[in-house]
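J.: Take this structure, written in structure tokens, and hold onto it; I'll ask about it next.
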DNA sequence: ACAAAAGTGTTATGTTTACACCCATGA
DNA sequence: TCATGGGTGTAAACATAACACTTTTGT
């Protein structure tokens, strides 16, 4: 029998993990990706996807890796905060860095991992009981994403490209949690260059709509 | 000889530390508290105060404890970000949570700790060479504190209470890095209730000035 | 008397919000 | 032809920014 590799320190070292709050939008409702825990503690409860920091990656890279593993998507992640109550995980001390991401939920290919019996989208307005302190993490992320949405075009990440302004507006309204005026919205988007017109139309149920694409200069902004 | 206590894990656990960027203002110039390292690595270089997370405290509590130990002051701390490049500390892997605090630098009683040969204030505009990635941490904190100062009355924390509006304005200008209009400033401060008039005057070099105090309702705002 | 800092209002500009009708298309 | 969603402009309210003179007091 192999002796397990052990790591020894002179002082206690908490484990470091990331939890990732993946926001998606469905029919104008904001949802988050949750995983049903297959093991104790909180077996059978819903929890945020997440995982432990690997030796060769930054914490942000860890969050991006978790996102990729859980959804098959690469997307920008944003730090929400640190969750470090000593007893937040009953097994051992785990300090978690919470990140949020906005993705097109229909593009996500959700993988139910080894320790996850199920995974699925849940409306933020109708969350189940959650494991650990994940309810608090989601609440903090909900506030953070609202702030971010005021300043950066993250709503464009929630919808497939290219998109109509109506689609973008629905996403933005879901993030902000309040209705927006259609005409003012168009002005804002074009003035801030959050989206630029593509020379194309999309045929909808009624009149066809002009489509827009995310501005390339928005890729790196904050 | 006593066997040292050892902590053993099945997976590698980075150490977790906080670094704290303590801002102060002197003659209208923004400064930060630095400590001269007394030990390798970076012996003799200037570094941010900081320390390792203890088992019974949250990371924010750790930052507040470090602040208290280094300055004798209790003050609000704000998360700046995580610094987690695997090789940022040559000894072992250390993930650092950077916090910032604004204090009255003349009230600080700086303690040169066991591993710190010296400690002192340095103007942000004239920083020495810094240990580890602390230059990047200060740069990030500089940006963060500017954002915060736009939204919250943190400038009041940089000056002794009670204060004149001229003093507060100098602090705010140092945080924002741009000059402000005296009349507009007075209006903003009173409208936002960042400070309320105390029924008192302070005799200065010339005409005496009315003094203000931080509004109690600002204690918990964000 | 003069130098230095305190105090005080108004105007212009820009930003944000509110609001209503016509158009194109598919059913 | 009608129901549905797409597209468009203007005016009011509000917030922000610019600007100059008088007062007090110590030297």
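The values are calculated or read from the model by the stated rules, or taken from the named source; none is laboratory data. As the structure is a computational prediction, the values presented were derived from the model and not from experiment. Glycine gets a Cβ as well: all are built from the backbone with ideal geometry, and neighbour counts include every protein chain shown.
J.: Condition first: near DNA strand D (Cβ under 8 Å from one of its atoms) and either in contact with a helix residue (DSSP H, G or I) (Cβ under 6 Å, 6 or more places away or on another chain) or touching a residue at least 40 places away in the same chain (Cβ under 8 Å) (or both). Now tell me which residues in region B:183-205 satisfy that.
T.: Once the filter is applied, which keeps residues that are near DNA strand D (Cβ under 8 Å from one of its atoms) and either in contact with a helix residue (DSSP H, G or I) (Cβ under 6 Å, 6 or more places away or on another chain) or touching a residue at least 40 places away in the same chain (Cβ under 8 Å) (or both), region B:183-205 yields only B:204.
J.: If you don't mind, there's one more thing I want to ask. Would you mind finding the one in A:26, A:56 that is surrounded by fewer than 17 Cβ atoms within 10 Å (Cβ to Cβ), facing chain B (nearest Cβ under 10 Å) and out of contact with any helix residue (DSSP H, G or I) (no Cβ under 8 Å at 6 or more places or on another chain)?
T.: A:56
J.: Specify the residue that is nearest to residue A:137 (Cα to Cα); the eligible residues are those in region A:43-89 that are assigned to a loop (DSSP other than H, G, I, E, B) and in contact with a strand residue (DSSP E or B) (Cβ under 6 Å, 6 or more places away or on another chain). Walk me through it before giving the result.
T.: Pass one, region A:43-89, residues assigned to a loop (DSSP other than H, G, I, E, B): A:43-45, A:48-49, A:53-58, A:72-77, A:84-89.
Then drop every residue that is not in contact with a strand residue (DSSP E or B) (Cβ under 6 Å, 6 or more places away or on another chain), which leaves A:43, A:45, A:48-49, A:53, A:75, A:77, A:84.
Numbers: A:43: 19, A:45: 15, A:48: 9, A:49: 12, A:53: 18, A:75: 19, A:77: 15, A:84: 11 Å.
Checking each candidate, the answer is A:48.
J.: May I ask you to verify whether residue B:184 is part of a helix (DSSP H, G or I) and not assigned by TED's automatic domain parsing to the domain that holds residue B:76? Please lay out each step first, then the result.
T.: On the way: part of a helix (DSSP H, G or I): yes; not assigned by TED's automatic domain parsing to the domain that holds residue B:76: yes.
So residue B:184 fits the description; yes.
J.: What is the residue count in region A:8-26 for residues that are within 23 Å of residue A:61 (Cα to Cα) and at pLDDT below 95?
T.: Residues meeting the conditions: 0.
Conditions tested, residue by residue: (1) farther than 24 Å from residue B:75 by Cβ; (2) within 14 Å of chain A (Cβ to nearest Cβ); (3) within 12 Å of DNA strand D (Cβ to nearest atom).
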{"residue": "B:148", "(1), (2), (3)": "no, yes, no"}
{"residue": "B:153", "(1), (2), (3)": "no, no, no"}
{"residue": "B:159", "(1), (2), (3)": "no, no, no"}
{"residue": "B:166", "(1), (2), (3)": "no, no, no"}
{"residue": "B:181", "(1), (2), (3)": "yes, no, yes"}
{"residue": "B:211", "(1), (2), (3)": "no, no, no"}
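J.: Can you find a residue in region A:214-222 that is at pLDDT 95 or above, touching a helix residue (DSSP H, G or I) at 6+ places or on another chain (Cβ under 6 Å), more than 15 Å from DNA strand C (Cβ to nearest atom) and within 23 Å of residue A:75 (Cα to Cα)?
T.: Scanning region A:214-222 turns up no residue that is at pLDDT 95 or above, touching a helix residue (DSSP H, G or I) at 6+ places or on another chain (Cβ under 6 Å), more than 15 Å from DNA strand C (Cβ to nearest atom) and within 23 Å of residue A:75 (Cα to Cα).
J.: With the condition kept exactly as written, say whether any residue in region A:134-150 is within 16 Å of DNA strand C (Cβ to nearest atom), in a helix (DSSP H, G or I), assigned by TED's automatic domain parsing to the domain that holds residue A:85 and free of Cβ contacts under 8 Å to residues at least 12 places away in the same chain.
T.: Among the residues of region A:134-150, at least one is within 16 Å of DNA strand C (Cβ to nearest atom), in a helix (DSSP H, G or I), assigned by TED's automatic domain parsing to the domain that holds residue A:85 and free of Cβ contacts under 8 Å to residues at least 12 places away in the same chain, which makes the answer yes.
J.: Given the criterion under 20 Å from the mean Cα position of the chain (by Cα), under 18 Å from residue B:130 (Cβ atoms) and away from chain A (no Cβ under 14 Å), identify the matching residue among B:68, B:73, B:100.
T.: Answer to the selection: B:100.
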